[in-house]
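*Asks:* Submitted below is the structure of interest, expressed as structure tokens.
The values are calculated or read from the model by the stated rules, or taken from the named source; none is laboratory data. On a predicted model such as this, the values are computed, not experimentally measured, just so you know. Quick reminder, even Gly has a Cβ in these numbers, built from the backbone with ideal geometry, and neighbours come from all protein chains shown. Surface accessibility is based on the protein's heavy atoms, side chains included, excluding ligands, DNA and RNA. Shrake-Rupley method; radii C 1.70, N 1.55, O 1.52, S 1.80 Å.
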Amino acid sequence: MENRIAKAFAKKQRNLLNVYLTAGYPTLDATVPLIEALVSSGADLIEIGMPFSDPLADGPVIQASSTAALLNGMNLWVLFAQLKDIRQRVPETPILLMGYLNPVMQFGMENFCREAAAAGVDGLILPDLPLVEYEEEYQDLFRRYNLRPVFLITPQTSTERIRRIDALTESFLYLVSGPGTTGGGTAQDPTKQEAYFERIAAMNLRNPRLIGFGIGDKASFERACRYAEGAIIGSAFIKALESKEDAPAAAREFVESVLN
Amino acid sequence: MTYQPNARGYYGEFGGAYIPEMLYPNVEELQANYLQILADPDFQREYQKLLRDYVGRPTPLFEAKRLSAKYGTRIFLKREDLCHTGAHKVNNTVGQILMARRLGKTRIIAETGAGQHGVATATVCALMGMECIVYMGKIDMERQRPNVERMRLLGAEVRAAVSGSQTLKDATNEAIRDWISNPVDTHYIIGSVVGPHPYPDLVARLQSVISEEMRKQLNEELGRELPDYVVACVGGGSNAAGAFYHFLDEPSVKLIAVEAAGHGINSGHSAATSVLGKPGIIHGSRTLLMQDEHGQITEPYSLSAGLDYPGIGPLHAFLGTSGRARFISIEDEQALYSVAELSRLEGIIPALETAHALAALPQLGAGPEDIVVVNLSGRGDKDLATYLQFADKLNSYEF
């Protein structure tokens, strides 16, 4: 089955920019205008964060945006309603949903997949969904709805496990740049990091790779793109929206600052 | 029916290891090694010696005669409050720090609610000369000030968790984030039977010394190993897991888990997870969890800082839903009454958490021939500020 993620990587093999936004942040209705602004200014993939009360893998910036989004009234029902016509506005760009398992479980995994597919979502990033549970419980369901899972790889992930993740993936591999939660990229040892990126690059994996966590500006984006097909920016983008009246304008400005 | 987890850490439908990839290597390392380390004779020798000489085990099993007379049944108190550091928590931290050393870890992190687990962790870190960082909710730091100072005196760094409700759940989130950021040298000593597999089983096994001693002591005292009731309070559920452990497969022993109802189960200010919770995922475990209709975790409430956790350990979720354990909810007021009662009738000032277990006594339906063991999980020193705040009420009760 065709999927927009594969098409995007076929069309552009290098320097793909994936931008993460928190649904319902900075205002409840900002989700769709922000997606349009990101795509029109050059983002190649869009990752929509589904806010959760207890985002374990996220640093302070995304935590705060999640709390704000929940206070704004965001939930999965609202999000799917917002995304109803997104494919008329953004026909080609891959859209992924990222979030923690508990809200998805309460919504019901099958309902969730059906709604996501109906909205034109292409991939799912559920960081606390264990590989083994995915294989046994959800792989068939995801396939039925043509939703591609994306799994994380860290510097500590064993070679054997990376091969297994690669085999289960038909989208891209999410390379976590170093130890830490989202947004925490500054303290990482560049030599170690390069060795890790090069080790993964040399594995000749079948899926392309995007590097995330701690990527936040033109310099870090370009550096990441030397070791992978592209990179993911989240916290830095959310920060760029803070106290901005015109969020879509701030989004365009941010993407342009990374790409130009 | 088995009450032991399967190889992937499931008790029935509860348990497992729902963790982001960043935690996988550490958790897998523990999964692969914990049973072997626990079974290792050298480990056992060191652990048992520390339990005896450092913790002060075995703790007494004390027949509370005046309390028994009042409730018309035979009540024994398992005196975990007499453990070094004042609660059962140290049974687990002694075992886990020995395990951490065997895994080559040099840095210890922990979460704490009431501060008892934080103190117990800081204590063993001082004993072993290891770096110790304890995450504690900002609100808990205020209401359990003496424990914060004790941890600092023991050389630990106490970091305030300022997200969410600023209590135990948030302290646990911060500890997990620390572990994500320090994946190589750090061991996370979880204080309760919560978290990803193998923690619920690991902590239950390290606390199981409580019920192991109960059986022996009952046999010595009464010529029978099995009581009719075992009563323990449940926040995450570590003292209850330890008190129940060696009775799980003895169907004649009624297991009573006592939760904090706060201001009342339906007041919106409660921590009665077995009643208010639905299956969900918290801190890497599938269990009963207090959450809203959208799966957002709700803020629990109890006057006691050790019981206001929105989940319960997966073992307890299984014991509750399978009917093996009976859950009772106790409100703040009832717990305060039991604080005064045990203080005045038996000369023992219990921790506020423990008082919830005592407050369940009238609801057991135990007869004069029945043997009831209450796990006296901790002493009340740490709660003196709260008890002072309610001094008029506590002193007004007549016994």
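*Asks:* Could you list all residues from the stretch B:291-310 that are within 11 Å of another protein chain (Cβ to nearest Cβ) and either over 27 Å from residue B:385 (Cβ atoms) or touching a strand residue (DSSP E or B) at 6+ places or on another chain (Cβ under 8 Å) (or both)?
*Replies:* B:291, B:292, B:293, B:294, B:295, B:296, B:297, B:298, B:310
*Asks:* For residue B:200, work out the one condition from (1) away from chain A (no Cβ under 12 Å); (2) farther than 24 Å from residue B:270 by Cβ; (3) part of a helix (DSSP H, G or I) it doesn't fulfil.
*Replies:* Evaluating residue B:200 over (1) away from chain A (no Cβ under 12 Å); (2) farther than 24 Å from residue B:270 by Cβ; (3) part of a helix (DSSP H, G or I) leaves (2) as the failure.
*Asks:* Show the residue pairs that are 6+ apart or on different chains and have beta-carbon atoms under 8 Å apart, the first residue being within the stretch A:102-117 and within 18 Å of residue A:2 (Cα to Cα), the second being assigned to a helix (DSSP H, G or I) and open to solvent by less than 50 Å² (accessible area, probe 1.4 Å).
*Replies:* Note: pairs meeting the criteria are A:113/A:141; A:113/A:142; A:116/A:80.
*Asks:* Please pick out the residue among A:14, A:87, A:4 that is farther than 21 Å from residue B:170 by Cβ and without any contact (Cβ under 8 Å) to a residue 40 or more places away in the chain.
*Replies:* Criteria check complete, one pass: A:87.
*Asks:* Which numbered condition in (1) among the aliphatic types (A, V, I, L, M); (2) more than 14 Å from chain A (Cβ to nearest Cβ); (3) part of a strand (DSSP E or B) is the only one that residue B:288 fails?
*Replies:* Result: residue B:288 fails condition (2) only.
*Asks:* While we're on this one: Please identify the pairs in which a residue from the stretch B:57-71 that is at negative phi has its Cβ atom under 6 Å from the Cβ atom of a residue that is aliphatic (A, V, I, L, M) and open to solvent by 40 Å² or more (accessible area, probe 1.4 Å), counting only partners at least 6 apart or on another chain.
*Replies:* B:59/B:82
*Asks:* I need the strands (runs of 3 or more DSSP E) fully contained in the stretch B:1-120, keeping only those with at least 3 residues that are under 25 Å from residue B:215 (Cβ atoms).
*Replies:* B:61-63, B:74-78
*Asks:* Consider residue B:177 against the criteria (1) without any contact (Cβ under 8 Å) to a residue 24 or more places away in the chain; (2) more than 14 Å from chain A (Cβ to nearest Cβ); (3) outside any loop (DSSP other than H, G, I, E, B): it satisfies all of them except one. Which criterion is unmet?
*Replies:* All conditions are met except number (2).
Residue-by-condition table, conditions (1) open to solvent by 60 Å² or more (accessible area, probe 1.4 Å); (2) in contact with a Gly (Cβ under 9 Å, 6 or more places away or on another chain); (3) of a type outside the set (A, V, I, L, M):
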position	(1), (2), (3)
A:66	no, yes, yes
A:76	no, yes, no
A:79	no, yes, no
A:82	no, yes, yes
A:86	no, yes, no
A:90	no, yes, no
A:94	no, yes, yes
A:109	no, no, no
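*Asks:* Just to check your reading of the model, which residue among B:349, B:371, B:328 is in contact with an Asp or Glu (Cβ under 8 Å, 6 or more places away or on another chain) and either open to solvent by 10 Å² or more (accessible area, probe 1.4 Å) or of a type in the set (Lys, Arg) (or both)?
*Replies:* B:349
*Asks:* Considering only the stretch B:374-389, state which residues are open to solvent by 20 Å² or more (accessible area, probe 1.4 Å), within 18 Å of residue B:358 (Cα to Cα) and either modelled with pLDDT of 95 or more or of a type in the set (Val, Ile, Thr) (or both).
*Replies:* Listed by number, the list holds a single entry, B:379.
*Asks:* Something else: List the helices (runs of 4 or more DSSP H) inside the stretch A:101-183, counting only whole elements, that have at least 2 residues being away from chain B (no Cβ under 13 Å) and under 18 Å from the mean Cα position of the chain (by Cα).
*Replies:* Qualifying helices (runs of 4 or more DSSP H): A:109-119.
*Asks:* Which residue pairs have Cβ atoms closer than 7 Å, lie 6 or more positions apart in sequence or on different chains, and pair a first residue in the stretch A:65-81 that is in contact (Cβ under 8 Å) with a residue 24 or more places away in the chain with a second residue that is part of a helix (DSSP H, G or I) and open to solvent by 30 Å² or more (accessible area, probe 1.4 Å)?
*Replies:* A:72/A:28; A:73/A:28; A:74/A:28; A:80/A:115
*Asks:* Could I ask something else about it? Would you mind finding the one in B:148, B:184 that is surrounded by fewer than 24 Cβ atoms within 10 Å (Cβ to Cβ) and either among the aromatic types (Phe, Trp, Tyr) or within 12 Å of another protein chain (Cβ to nearest Cβ) (or both)?
*Replies:* B:184
*Asks:* Of the residues that sit in the stretch B:274-300 and are under 17 Å from the mean Cα position of the chain (by Cα) and in contact (Cβ under 8 Å) with a residue 40 or more places away in the chain, which one is surrounded by the fewest Cβ atoms within 10 Å (Cβ to Cβ)?
*Replies:* This residue is B:274.
*Asks:* Condition (residue is acidic (Asp, Glu) and not in a helix (DSSP H, G or I)) applied to the stretch B:344-356: is it met by at least one residue?
*Replies:* No.
*Asks:* What is the one condition in (1) in contact with a helix residue (DSSP H, G or I) (Cβ under 7 Å, 6 or more places away or on another chain); (2) part of a helix (DSSP H, G or I) that residue A:39 does not satisfy?
*Replies:* The single condition residue A:39 does not satisfy is (1).
*Asks:* Residues that are touching a residue at least 40 places away in the same chain (Cβ under 8 Å), of a type in the set (Val, Ile, Thr), farther than 29 Å from residue B:136 by Cα and outside any strand (DSSP E or B): does the stretch B:310-317 have at least one?
*Replies:* no
*Asks:* Here's something else I'd like to know. Output the residues belonging to the stretch B:151-172 that are without any contact (Cβ under 8 Å) to a residue 40 or more places away in the chain, assigned to a helix (DSSP H, G or I) and open to solvent by less than 60 Å² (accessible area, probe 1.4 Å).
*Replies:* B:151, B:170
*Asks:* Next up: Can we say residue B:206 is within 27 Å of residue B:35 (Cα to Cα) and open to solvent by less than 10 Å² (accessible area, probe 1.4 Å)?
*Replies:* yes
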